[in-house]
Amino acid sequence: METVRPCGCKGIRSCLLCEKEYNITKPDFKLQLEKCSSYAYCPHCDQAWPGWDADLYKDHPNHQGNPIEFPGVYIKLNFLNSDDIALLKKALDDIPWEASQSGRRKQNFGPKCNFKKKKLRLGSFNGFPQSTQFVQQKFSEEPILKNFQTVEQCTLEYDPLRGASIDPHIDDCWIWGERIVTVNVMADSVLTMTPYVGPDTKYNLESVAEYSTTLYDNVKFDEITQNRDVQDITVRLPMPEGSLMVLSGAARYKWEHCVLREDVKFRRICLAYRELTPPYLSNLSTNEEIKTILQRALIFR
């Protein structure tokens, strides 16, 4: 149904509340994926091992079967300590939540983007919450996040009572840069990766060709899919409470990512961070709006 519903869902997006009220039937995506060859990624050995259970990494190094490489994933366990988590839980709940789609709520801090028209404007963006500043400061300790400048911080809440989830997608490639960063604040979950086989026009993927430099890694991606039907592979990435995840290269551009309803067993809160693409950053000296956005992105209040 195309109407916006009171729960925040619209179009093909739905949650348990509107599915019951409007008799919406949601396809069992998990059942479809379980028919594929599934692998679970282990951050300790940086390989994906046969199996569906994303907790497989807890058995490291006692893995079974033949692993595959899965380039473009960085997971740091215990990026946040228990005090950090407790502080963020309270601080984020002190900020007003907005209804979002598919059983989620959100808090957005960043410029306004129109992905279809490729337009960016400052809007009401005036910096980030002071209470979350220490998270961005911790990014400087991670070599993979060297020179990462946050321009969007989005808090997402996943409610299991509403069947919260997020459908398979690739973050827009016209505006959001090469590293997709997620800090999992509260509750363990899983990011499920499926190969993208659609046109380059979707997600503005054709914009990647405009990048002067990129973390894109075709060679390693070809190694994954050699002698396999790429459409028949699912990779499960663990997102334990307090962990940091960075997607880049092949994992960023060649695979869609989603959070299945079945993987949200408790109230989950995460922080998602985005940077600008290289072309946007290269226009810094001539584009006053970009300069203003980046200046506002240094403010915490």
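The values are calculated or read from the model by the stated rules, or taken from the named source; none is laboratory data. Just so it is clear, the model here is predicted, and its values are computed rather than measured. Every residue, glycine as well, gets a Cβ built from its backbone with ideal geometry; the counts of neighbours run over all protein chains shown. All accessible areas refer to the heavy atoms of the entire protein, side chains included, with ligands and DNA or RNA removed. Shrake-Rupley method; radii C 1.70, N 1.55, O 1.52, S 1.80 Å.
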Practice task
Provide the per-residue ³J(HN,Hα) series for region 16-23, in order, calculated from phi with Karplus coefficients 6.51, -1.76, 1.60 and θ = phi - 60°, each as a whole number of Hz, with x at glycine and proline positions.
Solution key: 4, 5, 6, 5, 6, 5, 10, 6
Practice task
Select from Asn184, Asn287, Asn204 the residue whose mean-square fluctuation is largest in a Gaussian network model of the chain (Cα-Cα springs shorter than 10 Å).
Solution key: Asn287
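Skip the ligands, DNA and RNA, and give the accessible area per residue of the chain with a 1.4 Å probe, whole Å².
Here the residues of the chain average 49 Å² of exposed surface.
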Problem - Helix-derived mean residue ellipticity, 222 nm - over the chain, DSSP H n ≥ 4, -39500 (n - 2.57), to 500 - result: -4500 deg cm²/dmol
Exercise for the section: Arrange the peptides 36-46, 290-300 so that the one whose residues have, on average, the most other Cβ atoms within 10 Å appears first. Expected result: 36-46, 290-300
Fill in the blank from the handout: P(r) over all Cα-Cα pairs of the chain, 20 Å bins from 0 to the longest distance, whole percent per bin, short to long, reads 32, 61, 7
Practice task
Using θ = phi - 60° and the Karplus relation 6.51 cos²θ - 1.76 cosθ + 1.60, list the HN-Hα couplings for region 85-94 in order, rounded to whole Hz, with x at every Gly or Pro.
Solution key: 5, 4, 5, 5, 3, 5, 4, 5, 6, 7
Completion exercise
So, relative contact order of region 45-202 in percent, Cα under 8 Å, 6 or more apart, is 22 percent
Exercise for the section: Determine, for each peptide in 266-277, 236-247, 126-137, the mean count of other beta carbons within 10 angstrom over its residues, then list the peptides with the highest first. Expected result: 236-247, 266-277, 126-137
Problem - Pairwise centroid distance, computed over Cα atoms, of region 3-64 with region 155-210, Å - result: 13 Å
Practice task
Report the full-extension gain for the segment Lys265 to Lys117: residue separation times 0.36 nm, less the Cα-Cα distance, to one decimal in nm.
Solution key: 49.6 nm
Handout entry: Over region 21-96, equivalent-ellipsoid semi-axes from the Cα gyration tensor in Å
Key = 29, 26, 10
Exercise for the section: With no solvent and one equal point scatterer per Cα, compute the Debye intensity ratio I(q)/I(0) for region 84-137 at 0.14, 0.15, 0.20, 0.24 Å⁻¹ and report its log10, rounded to two decimals. Expected result: -0.51, -0.58, -0.92, -1.08
Handout entry: Apportionment of accessible area to carbon and sulfur, the chain, percent (1.4 Å)
Key = 49 percent
Problem - Over the chain, relative contact order from alpha-carbon pairs under 8 Å, at least 6 apart, % - result: 27 percent
Fill in the blank from the handout: In nanometres, the difference between 0.36 nm per residue of separation and the alpha-carbon distance of Ser37 and Phe134 is 31.0 nm
Exercise for the section: Quick one: compute a quarter of the convex hull surface over the Cα atoms of region 113-212 and quote it in nm². Expected result: 9.0 nm²
Problem - Principal semi-axes in Å for region 12-158 [√(5λ), Cα gyration tensor, largest first] - result: 31, 26, 17
